[in-house]
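Student: Mind looking over this structure? Questions follow.
None of the figures in this text is laboratory data; all of them are computed from the coordinates on show. No experiment lies behind these values; they were computed from the predicted model shown. For neighbour counting, all protein chains shown are included, and Cβ atoms are generated from backbone atoms with ideal geometry for every residue, glycine included.
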Amino acid sequence: MKTVAFFDTKIYDKESFLKFGNDDINIRFFENKLNKDTVSMAACCDAVCAFVNDSIDKDVIEQLEKFGVGLVAMRCAGYNNVDLKAARGRVRIVRVPAYSPYAVAEHAVGMILLLNRKLHRAYIRTRDHNFSLEGLTGFDLHGKTVGVIGTGKIGRAFCEIAKGFGMNILGFDPYKSDEFDGDYVNLDELLSKSDIITLHCPLTKENRHIINAQTVSKMKQGVFIINTSRGKLIDTQALIDGLKSGKIGAAGLDVYEEETSLFFEDFSEEIIHDDTLSTLISMPNVLVTSHQAFLTREALNAIADTTMKNFEDYFSGRELKNEIKI
Ligand code: NAI
């Protein structure tokens, strides 16, 4: 029997992983996030399962190696929270490269619809028997231009939906895909021509703060910015400045630069000590969701299924198809 330490467990994780469980693999579910203070919980385990806000840094990797933990299975696609250099030769890393691009793409579209048609305000108004339409004017998506930064699986799933709305699609991606159904342009052209910009690229050293004061200055007046990828793609202060000046018409954020200690947890009884996030949340044209774009039944099942197969492959000494090569 092999044992896996499962960090940052939520009820929905447990349900899906128990459904795809395997009698030869014992999963120890921990609610704590994985970091240097909690890594000792993985002692005596054979592998670890981690998520987007766990910190698999050098200290954690050194400890895992000491405990004889040979595998970190990320139950997500992104792996910017893993120190790959430190992991080399010490711990192998696998991930779930694709589970449901539709889940994330549909969430991005949901954010656009809500912000544009002000559904969040309409919902509150009618519950208060206020049937006025003042201030609820939106615009037709039909005929507008959406700029997609990152035309991989999620970006292309987003484009399929945007096509259905009759939108013009511009794409920017250093690695072009034949399956992209839009026009590839350089970043400057995308910034200057898009009514809506949506981020679907991974976070890398090169594209940290790809949305910054300079790139915002190149955008159309009133542009919508949607980020369902990673918080650090956006310089939050530049976003706030753009929202305050009216250059940015609305922002839909499923991710946030400093989300690690906040997202996925309930602080409704407490005061949040993050004034930047509080400023964003206070704006009527900003929608913040707490990294929930992936959260559909289909995605959770696919994540659990692939992750369990990753464990089975590792424990049986088979090739790791989803290994991150380092
Ligand atoms: P993918 O690997 O299929 O596509 C990513 C695309 O981004 C690739 O075509 C790549 O060439 C492109 N890219 C890389 N660097 C770029 C840059 N600097 N500028 C423009 N394009 C660039 O990945 P997938 O599955 O589409 O996921 C995209 C991202 O979505 C993930 O990396 C992750 O950060 C995020 N994500 C967020 C979730 C959420 O719940 N909010 C859930 C799943 C993924």
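Student: Which net charge results when you count Lys and Arg as +1 and Asp and Glu as -1 among the other residues whose beta-carbon is under 13 Å from that of Asn116?
Tutor: Once all neighbours under 13 Å are counted, the net charge is +2.
Student: What is the sum of charges, Lys and Arg at +1 and Asp and Glu at -1, for the other residues whose Cβ falls under 9 Å from the Cβ of Thr3?
Tutor: +1
Student: Give the percent of DSSP beta bridges with both residues in the chain that are antiparallel, rounded to the nearest 5.
Tutor: Close to 0 percent.
Student: Write down the percent of antiparallel bridges among all DSSP beta bridges whose residues are both part of region 157-295, to the nearest 5.
Tutor: Antiparallel bridges make up about 0 percent of those DSSP assigns within region 157-295.
Student: What nm distance separates the two modelled labels at Arg117 and Asn26, each placed 7 Å from Cα along Cα→Cβ?
Tutor: 5.2
Student: Note the full-extension length gain between Leu84 and Arg297 as 0.36 nm times their separation in residues minus their Cα-Cα distance, in nm to one decimal.
Tutor: Extra length available between Leu84 and Arg297 comes to 73.7 nm.
Student: Using the crude model of +1 on Lys and Arg Cβ and -1 on Asp and Glu Cβ, and no other charge, please compute the dipole size for region 209-260 relative to its Cα centre, in debye to 20.
Tutor: 300
Student: Below 8 Å between Cα atoms, with a sequence gap of 6+, how large is the relative contact order for the chain in percent?
Tutor: 17
Student: Around Val288, which amide H atoms from residues at least 5 apart in sequence, or from another chain, sit under 5 Å from its own amide H, with H modelled in the peptide plane?
Tutor: It is Leu253, by chain and number.
Student: Given a cut-off of under 8 Å on Cα pairs at least six residues apart, what relative contact order in percent is computed for region 116-189?
Tutor: Relative contact order comes out at 26 percent.
Student: Next question. First select every other residue whose beta carbon is under 12 angstrom from the beta carbon of Gly150; then total the charges, Lys and Arg +1, Asp and Glu -1.
Tutor: +3
Student: Give the residue from Val223, Gly252, Met308 lying farthest towards the positive end of the charge dipole for region 215-326; charges sit on Cβ (+1 for Lys and Arg, -1 for Asp and Glu) and the dipole is referred to the Cα centre.
Tutor: Result: Val223.
Student: On a 0 to 90° scale, report how tilted helix 153-164 is relative to the longest principal axis of the chain, with both axes built from alpha carbons and the result rounded to the nearest 10.
Tutor: Computed tilt is about 30 degrees.
Student: Here is a further query. In terms of Cα to Cα distance under 14 Å, which aspartates and glutamates are near enough to Lys193, apart from those fewer than 8 places away along the same chain?
Tutor: Straight-line reach from Lys193, under 14 Å: Asp183.
Student: When ranked by the protection proxy of mean other Cβ atoms within 10 Å per residue, highest first, what sequence do the peptides 295-303, 317-325 form?
Tutor: Packing order, densest peptide first, comes out as 295-303, 317-325.
Student: Let me have the 222 nm mean residue ellipticity of the chain computed from DSSP H runs of 4+ only, each contributing -39500 (n - 2.57), with the sum over all residues rounded to the nearest 500.
Tutor: The per-residue figure over the chain is -10000 deg cm²/dmol.
Student: Moving on. Ordered by packing density, taken as the mean number of other Cβ atoms within 10 Å over each peptide's residues, highest first, how do 115-121, 138-144, 149-155, 181-187 rank?
Tutor: With the highest mean Cβ count within 10 Å placed first, the list reads 149-155, 115-121, 181-187, 138-144.
Student: Cα-Cα over 28 Å: which of Lys19/Lys118; Lys58/Lys218; Lys85/Lys244; Lys153/Lys205?
Tutor: Result: Lys19/Lys118; Lys58/Lys218; Lys85/Lys244 exceed 28 Å.
Student: Contact order normalised by length for region 1-153, with contacts defined as Cα pairs under 8 Å and 6 or more residues apart; what percent is it?
Tutor: Worked out over region 1-153, it gives 17 percent.
Student: Considering only DSSP beta bridges with both partners in region 1-130, what is the antiparallel share in %, to the nearest 5?
Tutor: Percentage antiparallel, nearest 5: 0.
Student: Arranged from highest to lowest average of other beta-carbon atoms within 10 Å per residue, in what order do the peptides 227-236, 53-62, 161-170 appear?
Tutor: 227-236, 53-62, 161-170
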